[in-house]
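The values are calculated or read from the model by the stated rules, or taken from the named source; none is laboratory data. All of these numbers come straight from a predicted model, not from anything done at the bench. FYI the Cβ positions are ideal-geometry reconstructions off the backbone, even for glycines, and counts take in every protein chain you see. Please note that ligands, DNA and RNA were not included when accessible areas were found on the heavy atoms of the full protein model with its side chains. Shrake-Rupley method; radii C 1.70, N 1.55, O 1.52, S 1.80 Å.
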There are 2 protein chains.
Amino acid sequence: MLQNGYKASRGNRLRYEFGRPNLMTTDSPSRRSPRDRIVDAARGLFRKHGVRGVGVDAIVDAADSNKMTLYRHFSSKDDLIVECLRRAGMEMDAYWRELEEAHPGDGLAQLRDWVRRIADHLGANDCNCELMSAAVQLTDEDHPARSVIKKFKDAQRDHVLELCRKARVANAELLCDTLLLLIEGARLHQQSSGHEGPSARFAEIADAAILSFAESSAVAE
Amino acid sequence: MLQNGYKASRGNRLRYEFGRPNLMTTDSPSRRSPRDRIVDAARGLFRKHGVRGVGVDAIVDAADSNKMTLYRHFSSKDDLIVECLRRAGMEMDAYWRELEEAHPGDGLAQLRDWVRRIADHLGANDCNCELMSAAVQLTDEDHPARSVIKKFKDAQRDHVLELCRKARVANAELLCDTLLLLIEGARLHQQSSGHEGPSARFAEIADAAILSFAESSAVAE
DNA sequence: CGCCAATGTTACCGATCTGTAACATCTCGG
DNA sequence: CCGAGATGTTACAGATCGGTAACATTGGCG
């Protein structure tokens, strides 16, 4: 346990195996960069166990890399957290574009599709609320991740509000905030009460809310 | 250390000072028991920094006690967490009785009063979502606190559902889950986006939801 | 007073955490 | 092929964590 038990003692925790990744010669011609592997592994572990519940050793282990490489790319674990949240935000931006392509100009359809996809994704074992989960656990107001989270949340609210306006519902601001509250509430309940909790009705509730706002505006047309 | 002004969260320890509390001789004739002080201090710190962000040293420091006394009353930190959550659940039960006394037999009034009080309390610096916050951070399915959380959430849902039934709204189950999602969503947003976020409209949204369900059932009477 | 239980104080253990140093190895363009 | 930079390996530093042992002190009660 002193010196040579190092490798054995490492294996008791999270470990990801891809065949023989140490042999890079003929393994995979397009193996992703260590930086990307580290970020992806960190995001997966952060989602499952929270940013405070995962250590850098587990991250580099899952990424099939090592601690030195991590600290050559990120000045600290907090820096890595910030990068993970930034990527989550960028994926969200791409997701908005995807929704726009699926329903060009149709804010109502984009909103309904959005909540439907969220409802479908609620069943996944890994909750997708990376940013909110991190916000709950990073209580320090000065933490650099807080500004990233806030910026992302503000951008999300702006975009949803724009969709609500495009949908020409009765009260766009109210529907926007209603949906945001419902979504985060569903994610939180899903994490604590599992699948059978109130989040099971999220799709029904959110869609009913959207239609309720849309119908009450139909009389004005 | 060419990062920004953010100091690593390792250095700053929480420390509470009350005059000269070490001198118990003439301090306070009815000083509460160390056990209660520890539990209260733990709950306050858990609310502010999360169960994983507070160490036992900070807890006994805030309780003006010491680690040995803590471990004479609780077998472990997890045991203390469970006790804190149990007390939160008991306070919630007392809160339901209080609402029943304020509006005897009137489920609708109890519901509206409930959401109004939650909205008022959202402004408090310490978020009151102890159980949900703990659930997010205790990702281990086998953690003893998980069963306490689940039991409490189920009881809460049963009670809210009963209130909705007593209110004789159109769809009691749907209103119940809608309110539960809105409430947790508001608490989560309040913690990440602060005051100006979507949680600012929580009272308006939740009350509108209640009235919407109540009105749609009024035609049946 | 004198006893006793509860509480406080100090010091420590082992595990784990973030982060680093020194050195070995690999990849890839010239 | 060769050399430079990126990456991997090993070992360790410093700090914090949960938890414990031994001992000192306090407060209440006969």
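Before moving on, here are some points about what is shown:
- Taking all protein chains as they are arranged and a probe of 1.4 Å, the heavy atoms of B:Met68 leave approximately 110 Å² accessible to solvent.
- Per residue of peptide B:31-44, the mean number of Cβ atoms on other chains within 10 Å of the residue Cβ is 0.
- Spatially, the stretch A:88-143 and the stretch A:165-212 are offset by 12 Å when compared through their Cα centroids.
- Positive-pole candidate from B:Val82, B:His121, B:Gln156, dipole of the stretch B:82-218, charges at beta carbon: B:Gln156
- Inter-site label distance for A:Ser75 and A:Glu98 at 7 Å from Cα along Cβ, in nm: 3.3 nm
- Total buried accessible area between A and B, probe 1.4 Å, nearest 100: 3900 Å².
- Simple spin-label estimate for B:Lys67 and B:Ala124 in nanometres, 7 Å along Cα-Cβ: 3.1 nm
- ³J(HN,Hα), Karplus 6.51/-1.76/1.60, whole Hz, each residue of the stretch A:185-198, x for Gly, Pro: x, 5, 5, 5, 5, 5, 7, 9, 9, x, 7, 7, x, x
- By accessible area with a 1.4 Å probe, ligands and nucleic acids excluded, highest first: order of A:Val148, B:Val39: A:Val148, B:Val39
- Calculated FRET value between B:Glu173 and A:Ser147, using beta carbons and R₀ = 35 Å, to 0.05: 0.30
- With a 1.4 Å probe rolled over the protein heavy atoms of all chains, the accessible area of B:Glu184, A:Glu162, A:Glu196 falls in the order A:Glu196, A:Glu162, B:Glu184, largest first.
- Among the trypsin sites (Lys or Arg not before Pro) found in the stretch B:167-221, those both in a DSSP coil and sparsely packed, with 16 or fewer other Cβ atoms within 10 Å of their Cβ, are B:Arg168.
- Violating pairs (Cα-Cα greater than 30 angstrom) within the set A:Lys151/B:Lys67; A:Lys48/B:Lys166; B:Lys48/B:Lys153; A:Lys67/B:Lys151; A:Lys48/A:Lys166; A:Lys153/B:Lys77: A:Lys151/B:Lys67; A:Lys48/B:Lys166; A:Lys67/B:Lys151; A:Lys48/A:Lys166; A:Lys153/B:Lys77
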